[in-house]
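Structure, as structure tokens:
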Amino acid sequence: MSVLAALLSRSSTKQIQGPGPSEHELQQILATAMCAPDHGRLQPWRFKLVRGEHIAYLADLAVDTLQAEGKPLEPTKEKNMRDWLGRAPVVIAVASYVDHSNDRIPEHERMLATGAAVMNILNAAHALGYGAFWSTGIGTYTQGVPQALGFDALEHEFLGFVVIGSLSEPLVPKERPALADHVSDWQPNI
């Protein structure tokens with residue numbers, strides 16, 4: 001698949017299962033994140049890999065934390081999350097490091113760089129034939145889940161999870177928005 005074909009055909013999907021990427025493929029996927037645009041070379045992206053039986057523990061952690069923080073999941077939503085994660089071979093927790101000693105580069109630029117790193121991960125997974133999805137569920141907006149993963153709220157902006165696995169069903173091409181609805185030429189007022 002050409003690079004352009006991969007970019008034009010990529011689509012997020014939760015329809016994944018094992019097996020996941022081999023260790024070599026996972027290293028390639030993660031290496032693409034290191035190529036993201038990054039103002040000031042701050043390399044703010046931080047990733048934690050969650051694999052194997054630790055994924056079920058992550059699901060338990062999310063459910064327990066949401067309950068403890070007064071945001072319990074309704075039973076159907078909890079079941080769906082557990083079923084989905086139960087099929088996931090690899091989950092990547094994503095955070096952006098907030099370097100308080102550097103006030104030259106705004107925090108939003110660091111988060112954009114981290115987002116670009118995640119986009120590279122999603123594109124690389126797709127190019128290798130895997131399905132992937134960036135989720136801000138699984139307790140992303142809690143205090144307890146990021147902290148249990150080692151992302152202190154004073155030093156990290158937690159941005160969710162990327163789940164990668166083999167496609168359980170073929171990707172259906174999505175209708176994309178018309179370029180004209182999102183792109184226009186600018187001309188100065190002369």
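The numbers here are math on the coordinates, done by the rules we state, and not lab data. Quick caveat, the model's predicted, so the values are computed rather than measured. Quick reminder, even Gly has a Cβ in these numbers, built from the backbone with ideal geometry, and neighbours come from all protein chains shown.
Would you kindly give the portion of the calculated P(r) for region 10-164 that falls above 21 Å, as a percent of all Cα pairs?
45
What ranking of THR136, THR142, THR76 emerges when the number of other C-beta atoms within 10 Å of each C-beta is taken as an exposure proxy, fewest first?
Placing the least packed residue first, the sequence is THR76, THR136, THR142.
Stretch ASP64-SER101 to full length: gain in nm at 0.36 nm per residue minus the Cα-Cα span?
That pair, ASP64 and SER101, stretches by 9.9 nm at full extension.
With r defined as the distance between the Cβ atoms of ASP83 and ASN189 and R0 fixed at 35 Å, what FRET efficiency is calculated, to the nearest 0.05?
Efficiency, from the Cβ-Cβ distance: 0.05.
Sorted from fewest to most neighbouring beta carbons within 10 Å, what does the list TYR130, TYR97 look like?
Arranged by neighbour count, lowest to highest, TYR130, TYR97 become TYR97, TYR130.
Skipping prolines and chain starts, which residues have an amide H placed within reach, meaning under 5 Å, of the one on VAL90, given they are 5 or more residues away or on another chain?
Residues meeting the amide H criterion: ILE164.
For region 1-98, run through the GluC sites (Glu not before Pro) and keep only the ones in DSSP coil with at most 12 other Cβ atoms within 10 Å of their Cβ.
GLU53
Which order results if ASP83, ASP181 are arranged by neighbouring Cβ count within 10 Å, fewest first?
ASP181, ASP83
For LYS48, give me every one of the lysines with a C-alpha distance below 20 angstrom, ignoring sequence neighbours fewer than eight places off in its own chain.
Within reach: LYS14.
Using the Cα centre as the reference, give the magnitude of the dipole from point charges on the C-beta atoms of region 143-190 (Lys, Arg: +1; Asp, Glu: -1; all else neutral), rounded to the nearest 20 debye.
160
Quick one: Karplus J couplings for region 124-141, per residue in order, coefficients 6.51, -1.76, 1.60, θ = phi - 60°, nearest Hz, x for Gly and Pro?
Each residue's phi maps through the Karplus curve to give 5, 4, 5, 4, 8, x, 9, x, 8, 8, 9, 10, 10, x, 6, x, 4, 9 Hz.
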